[in-house]
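For reference, the structure is listed below as structure tokens.
No value in this document is a laboratory result; all are computed from the given coordinates. Not measured: the values here are computed from a predicted model. Every residue, glycine among them, receives a Cβ derived from its backbone with ideal geometry; neighbour counts consider all protein chains shown.
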Amino acid sequence: MPGTDTSAARPFGRRLLHRLGRPSTGAAVVWVPLAAVVCGLFAGASASRAAWETSRPQPDRAEASAILTSAFPGHDLGEIDTPPALFVVYGHALRLGTVKTLVLGDGGEYQESATSAAALGAPPVPAEQIVAVARDRLSGAGWTVYDPQVTEGISCADKMCATPFAITDTTLVARRGDTILNASISSQTAADASYLAVELHRAPPPLVVPAGVLGTLLGTVAGWWVFAWASRRCAQRGSAVRVLLGVAVALWWLPVLLAVPSLLRHHRDEPHPAWHPFWEWLGQPAASLLFLVGSVCALLGLGLAAVPRRER
């Protein structure tokens, strides 16, 4: 408003931003950026997971039946199983009872669900013929078909494996629109095993990438301000705050350093119409226990840093 004196407010705002964004000297110059970046990554992963909710539901039985009948004619794929949710743990929707599963070592089972079907017994025609027919029919229906991946193995005709024989397993991947098909074709002949298994699931919706980028940027800025402030308070609070925050940053970064090389090798060795979700690149929720312990340490450290200093 005209006549309002803002000369006092502006210096205060500049001083506040300067204090929030300025880490202390020493080791803080290293661990504050690391803390800020990992906070941004976790924020981006959370934002991308929220954006996944804009995805279409997984294919229903009618859609799946039309695709399977077209791609694999003459094969009895039996009952088509539809998932209970977009993401599942051991095939079940995430609920309060599965939190223990996520935290105590089985967090890697939290995955995108899929509509699936399988054909049992010995293949009625050679596996190579099944693959060739499926590739031709999928390409003709507008699917982008990736090069099949073939692996060789050994199977046994009896429990003692007196007569081992070679088998092949072929993985066929295709994508059309936001639908991805994964098929596994085996040359095995056991009556109780499947020679053809097919899964259909959705690709990441368009909002996942921009939501992840925006969340990462905002989370990094917020993390920088908070941990830069905490680094200056560390000088007044002794070593306890530094130790707690250092442990938190280490526990947050450790799964990332392990997960990224592994997923890069996985994407290089196998065709992927869509990349794995953002949080899996951070080792989550497979290493959710480390994340939770690190979060507790960070909250304790920030709480100690926020306690007013007692004047002598």
**Complete:** Asserting the computed 222 nm helical MRE of the chain (DSSP H runs at least 4 long, -39500 (n - 2.57) per run, divided by residue count, to nearest 500) equals -16000 deg cm²/dmol
**Message:** As an exercise, use a Förster radius of 41 Å and the Cβ-Cβ distance of Ser139 and Leu254 to find the FRET efficiency, rounded to the nearest 0.05.
**Reply:** 0.40
**Item:** For the range 201-308, radius of gyration divided by Kirkwood radius, i.e. Rg to Rh on alpha-carbons
**Value:** 1.08
**Prompt:** Kirkwood-based Rg over Rh for the chain (C-alpha set), two decimals?
**Reply:** 1.14
**Prompt:** Stretch Trp275-Ala191 to full length: gain in nm at 0.36 nm per residue minus the Cα-Cα span?
**Reply:** 26.7 nm
**Asked** Across 5 Å bins from 0, what is the distribution of all Cα-Cα pair distances for the range 66-111, in whole percents?
**Response** 5, 20, 21, 12, 10, 12, 9, 9, 3
**For the range 52-201, the fraction of alpha-carbon pairs in successive 10 Å shells from zero, as %** = 10, 34, 31, 20, 4, 0
**Asked** By Kyte-Doolittle mean hydropathy of at least -1.0 and Cα axial length of at least 30 Å, which whole DSSP H helices of the chain are selected?
**Response** 28-51, 208-237, 239-269
